[in-house]
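The values are calculated or read from the model by the stated rules, or taken from the named source; none is laboratory data. In this text, all values refer to a predicted model and were calculated from it rather than measured experimentally. Backbone-built Cβ (ideal geometry, glycine too); neighbour counts: all protein chains shown.
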Amino acid sequence: MGNMISFNHRVTKDDDSLTMSNGLTDVLLDYLLLSGAKLAQTESEKRMMVFLGEKVQSCCGIGTVGFAITDMPWQPETFAADRSFLLHMTAHARDLTLQPEIHALLGYVPRKEHINYALDGFAALIARMTAADIQPEKPAEWLARATPDHPIYHGYPKCRRHGILLSSLGCKICIDQSGKYPVMPEDIEHMKHLWYGDAAPQGADTNESTQ
Ligand SMILES: [Zn+2]
């Protein structure tokens, strides 16, 4: 069991796919999300971070959050800038792995050789991406699953505690730190107060009033 980030799902033996334990997958994502939250400026950069923020094993299932780099919401117009952003974001994530205040925020210290392996593998896959690899239908497919209360339609709010961009599921770090598995929709509803205060997007309050 574990998760794989491949380049384009066409995986061959000993290729450059990044294979990780379930635990290391969470560590990689936590650091990418914290790094990207500080660096993402443009709409497309924020979308990349929200895409990564949806890979929450506590919600989706342990060992089920693998994806391909070509699944990400790449667009021809912003391709070069987005790839540079992702490489810079991954490099900055490596700096964060050394910072005691980040260890305190996450509640764990990553094993250096493990997180570096994951960051190296992720950066190599991003570096391999070219404009010719863009699958034009991917952003539309991803957006088609976004409901009206999706954070991408509400100004890309961030978790008040962890500062990461909220995904359709919320804050991955809050969800993981709740210690619940699997996390149920009602757990998410309760956490929305933490993320949005009284300003939860339309749709969040609807469920709450029926509880
Ligand atoms: Zn949080």
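Does Ile115 satisfy being modelled with pLDDT of 95 or more and either away from the ligand (no atom under 16 Å from the Cβ) or among the β-branched types (Val, Ile, Thr) (or both)? Criteria met by Ile115.
Annotation note: of Asp120, Asp205, Asp176, the sole residue that is among the acidic types (Asp, Glu), away from the ligand (no atom under 16 Å from the Cβ), assigned to a helix (DSSP H, G or I) and at pLDDT 90 or above is Asp120. Applying the criterion of being polar (S, T, N, Q) and under 30 Å from Tyr108 (Cβ atoms) to the residues of segment 122-174, the residue that is nearest to the chain's Cα centre (by Cα) is Ser167. Residue under question is Pro182, and the condition is that it be loosely packed, with under 14 Cβ neighbours inside 10 Å, touching a residue at least 12 places away in the same chain (Cβ under 8 Å) and closer than 20 Å to Thr25 by Cβ; does it hold? Taking the combined requirement at face value, the residue satisfies it.
Matching residues to (1) within 26 Å of Arg10 (Cβ to Cβ); (2) of a type outside the set (S, T, N, Q); (3) touching a Ser or Thr at 6+ places or on another chain (Cβ under 6 Å):
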position: Ile69; (1), (2), (3): yes, yes, no
position: Met72; (1), (2), (3): yes, yes, no
position: Phe79; (1), (2), (3): yes, yes, no
position: Gly107; (1), (2), (3): no, yes, no
position: Pro110; (1), (2), (3): no, yes, yes
position: Ile115; (1), (2), (3): no, yes, yes
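Every condition in (1) away from the ligand (no atom under 13 Å from the Cβ); (2) at pLDDT 95 or above is met by Asp149 except one, and the failing one is (2). With respect to Leu18, is the statement that it is within 15 Å of Ile173 (Cα to Cα) and crowded, with 20+ Cβ neighbours inside 10 Å true? Considered against the rule, which asks whether it is within 15 Å of Ile173 (Cα to Cα) and crowded, with 20+ Cβ neighbours inside 10 Å, Leu18 comes out as no. Counting the residues of segment 154-165 that are crowded, with 22+ Cβ neighbours inside 10 Å and more than 8 Å from the ligand (Cβ to nearest atom) gives 1.
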